[in-house]
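Below is one structure, written out as structure tokens; the observations come after it.
Nothing in this text is a laboratory measurement; each read-out follows from the coordinates by a stated rule. Just so we're clear, the structure is a prediction, and the values are computed from it rather than from any experiment. Methodologically, a virtual Cβ is constructed for each residue, glycine included, from the backbone with ideal geometry; neighbour enumeration extends over all protein chains shown.
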Amino acid sequence: MPTYEHICGNCQHEWEDIYSWKDPIPNECPECHKKGKVKRLISLPAQGVVELTGHDLQAKIKSDAQKMKSDMHKSENMYANMLGEEKYQGIQTKMDTAKRERPKIKKSRKKS
Ligand SMILES: [Zn+2]
């Protein structure tokens, strides 16, 4: 039987319960015994418990993207420090050249 996680909208108490999917969500909070305030949380493996809807989900995606961007920027700076600014500039130029050359290669392959 699956394990379901619940949160009480009244006292924020969280608990796990095991029951069949056919059974209804518990109505009463075991902590404060308030009825009709119990919500079932969606359990995602590896990510823990999330309860995201609409605006929250969009905000999370946005913050994740921003975090990824700043992480990438950080590691790029670290890489530059390790190599030394001059060498790094050289690599950047090489990368830029490679990017510019790629479409040319594609075109010549199409012809032949
Ligand atoms: Zn409660």
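Figures for the structure shown
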item	result
Sorted by Cβ density within 10 Å, fewest first, the residues 61, 7	61, 7
In segment 1-36, GluC sites (Glu not before Pro) in a DSSP loop with at most 13 other beta-carbon atoms within 10 Å	31
Pairwise label distance in nanometres, residue 23 with residue 35, each label 7 Å out on the Cα-Cβ vector	1.9
